[in-house]
1. From the list A234, A270, A256, which residue is of a type in the set (G, A, S) and under 17 Å from R186 (Cβ atoms)?
2. Applying the selection to segment 1-60, what residues are among the acidic types (D, E) and free of Cβ contacts under 8 Å to residues at least 40 places away in the same chain?
3. Being farther than 20 Å from K167 by Cβ and part of a loop (DSSP other than H, G, I, E, B) is the filter here, so list the residues in segment 132-143 that pass it.
4. Would you please name the residue that is farthest from S251 (Cα to Cα), looking only at residues in segment 10-28 that are over 18 Å from the mean Cα position of the chain (by Cα) and of a type outside the set (D, E)?
5. Pick out the one residue from S120, S191, S98 that is closer than 30 Å to L268 by Cα, assigned by TED's automatic domain parsing to the domain that holds N282 and either surrounded by 19 or more Cβ atoms within 10 Å (Cβ to Cβ) or among the β-branched types (V, I, T) (or both).
6. So, in segment 144-169, exactly how many residues are under 50 Å from the mean Cα position of the chain (by Cα), not hydrophobic (A, V, I, L, M, F, W, C) and not in a loop (DSSP other than H, G, I, E, B)?
7. Can you confirm whether E204 is in the same structural domain as H301 (by TED's automatic domain parsing), over 20 Å from C101 (Cα atoms) and crowded, with 20+ Cβ neighbours inside 10 Å?
8. With D86, D113, D68, D102 as the choices, which residue is modelled with pLDDT under 95 and among the acidic types (D, E)?
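The values are calculated or read from the model by the stated rules, or taken from the named source; none is laboratory data. Source: prediction; values computed, not measured. Note that each Cβ is placed from the backbone with ideal geometry, even for glycine, and that neighbours are counted across all protein chains shown.
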Amino acid sequence: MTLRIRPFHVGILASIAAALLVVFLPDSWLAGGRELYFDRLTQIVSVPVSPAVVVVDIDRKSYAAMPDQKWQRANTAELVEKIAADGPSVIAFDLVFSTDCDPTSATNRRLADAMGRAPSLLGFLLADHEGKAPRPLPVLAIARSLTVPELWFVPGAEMSCDMFQQKAISSGASFLIGDEDSRVRRIQAFSIVGSEPYPALGLEAVRRYYDIRTPLLGGTPPWLKLGRELFSLAEDGSMRFVASRPEAMLSRTISAIDVIQARVPTRLFAEKIVFIGSSLPNLGGLRESAGAQLVASSQIHADLANSILTNFVPLRDDGFVNLEAGYTLFAGLIIALLTVRFRPWETLAAGLGVIGVTLAASYVVYARTGWLTDGFSIGVMLVLVLVVAAFSQFAETRRVERVARQRFAQYLPQTVVDRYLDHPAKGSMSGEERPVTALFTDIEGFSTLAGRVRAQELVALLNVYFAEVNKLVADHGGMVDKVVGDAVHAFFNAPEDLHDHVNKAIDCALAISRLTEEMRNRPEFKAKDFGRTRLGIETGIAVLGEVGMAGKLDYTAHGNSINLAARLQDANKFLGTTICVGPAANAESRRPLRALGEHEIRGFGTMELFTPDDYVRAT
C-alpha cells in the first residue's frame, strides 16, 4: 500500500522544522528583526510613568544664555546649589568631572561643596587602562548562587576627581553599550572594576531613592532584590528599559538655565531623583534608543530608573525560546489542520489569522507581565509553515483537479467538465432542447456470464471493457451519459454542438464493434467466453440537463429518440444483427445503410430498421 503525502503531512513536517529552527537557528540570523519587533512592542504598550524622575538638561538654550555661550564648571556648581536647596532624594550626575582636578580651585571647591549639600551620585565611564576603582563603593550583598556574567568585567574606569568623589554618597556606571545597530536597549546592571561591583547609574539612583541599605544579587541567570521587589536579569546580566517617547522625555525635562534663573516651580526637585546631563554632543553622549534617534544618555538612565520605580522592566529570558518553539509547533499544526477542512485561499486567510493571534498574544503577554516573547521569529516561522502548507495544498488541489478532469472527461464532454470545475457557482444546466443522437450498448449473455464468473474477475474484465469503449465514444466526440450494469449510454451533439453527429455515432458504433470483437479474442476474455456487444442508434429532439434532488444529480437527456435507441439495441436479438439504426438516424445519415425491413418495436409501433454493416451477426 502506497502512502500518499497529503498537505496535512507536509504541514506537520514544516511545523516540526519551524519549531526546530526557533531553537537552533543562529541567533544572529533573526536578531535584527527580533530587536526591532521588541522596540515596536515597547513603544506600542503604554507603561506607567513615575513622577519621581526629573532630568535637568544643560541644553543649547542654557549655552546660549551664557555671556560667552560656553557652559563652565562654575555654572554647574550654581545649578547643583539650586537643585540641592529643594531637598532632592538623590542627584545623579551623567557628567564625569575627570579633568582640572586642582583641589585649591575656587570653582572646584564650590562644586564639591554643592555636591555635599544633597545626596550625590557620580557616574563613571569605561577606560581602556586599569587604575583606581571609583569611590564611594556602593553596598551590595552577594548570594552564593550567583553566576557572574562575563560582560560585567570591565578593564578600567574614567572617574571624577577625588575631591568630588569624597563629597558623593555613591558611584554608578554611566557608560552605555549599544547593540550591533548602535541602538541602546539594555544597560548592564552591574560593572566590575578590578574586583569591586558597581550598579548602573539609574539602578543606584533608585536604591538611594528608596533608601535600601543592602541590595541582594544572586542566581543563574542573575536576579536582583531591591527591598521587597525582585528583578530578573537577562543571561548577560543586563536590564532592559522602556524607552520614553519624545513627548514623555520632554515632560520630565527642565532646562538648566531655567533652574539657575529660578523659572521653575518651587520645591520642584523635592524628594525626587534628579539626573543632570546634557543633550549637546560636547557635554553628553547622544545615543539612539527605541524612542528616538538622538537621545541624551541622561534620558536613558532616567528611563531605566522609571522602569524600576514602576516595576515594569522588560524581560527577555533565554528560557523563553523553548516555550516559543513549542508554541510554533502548536500553531503550525493548527495551520496544517486547516488544509484538511479549507480550500487553499481559505487556508491562507485562516493561517494569517493564526499569525495575527500570535502577535496579539505577544502584545498581551508583554502588557501584563513585561515579558518579551519573540513574536517576530514565531511569525516568520509560521509564515514559512503557511507558505509550505498552502503551496502543498494548492499543488494537491491542482493534482486532484487534473485527475477529476481526466476521469470526468471519460463520461462528459470536456466543456461540461470545465464548466463544473471552473464555475461551480453557476446555475444548473437544465431544460435545453436540441437534436441528440443516442447510442446504447449491451453485452450479449451478460447475466449468464455474471453467474459463472467470480465477481473480482468480472469487475476486472469490465474495467478494461468500459475504459476502452468509453474512450472510443470520447474520441468520436460523444458523451458517455452513464454506465448501467454492462450497458453504456452515450450521446452525440450533447451538450455541445457536434457536426455530422449521426454519422459520427455510426462510426463510433462500428469502431466499438470492431474493438469488442478483438477484445473477445484476448486470452482473459476468451477464457470467460465474453459475449458480443450489441448497439442501438437513433436521433431526434431531446431535453438535456441536470435531473435529481437531495444532493444527487444526473446530467442526462430525455426524449423518444433516447428511449428508442435503448429498444433498438435490444432488437438486435431477433434481427440477428450487431448494430441497429433507427429510421430518423437513417434519414439524416449520408451512409448507405442496409434496410432490415419493417419491425414492431414495443411501445413505438412498426418502423423500418437499418444496419450499417452485416459482417457481424449473432449466431
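1. Being of a type in the set (G, A, S) and under 17 Å from R186 (Cβ atoms) holds for just one of A234, A270, A256, which is A234.
2. Scanning segment 1-60 gives a single hit, D27.
3. The answer is L140, A143.
4. The residue in question is F24.
5. S120
6. Result for segment 144-169: 3.
7. It is true that E204 is in the same structural domain as H301 (by TED's automatic domain parsing), over 20 Å from C101 (Cα atoms) and crowded, with 20+ Cβ neighbours inside 10 Å.
8. None of the others qualify; the one that does is D68.
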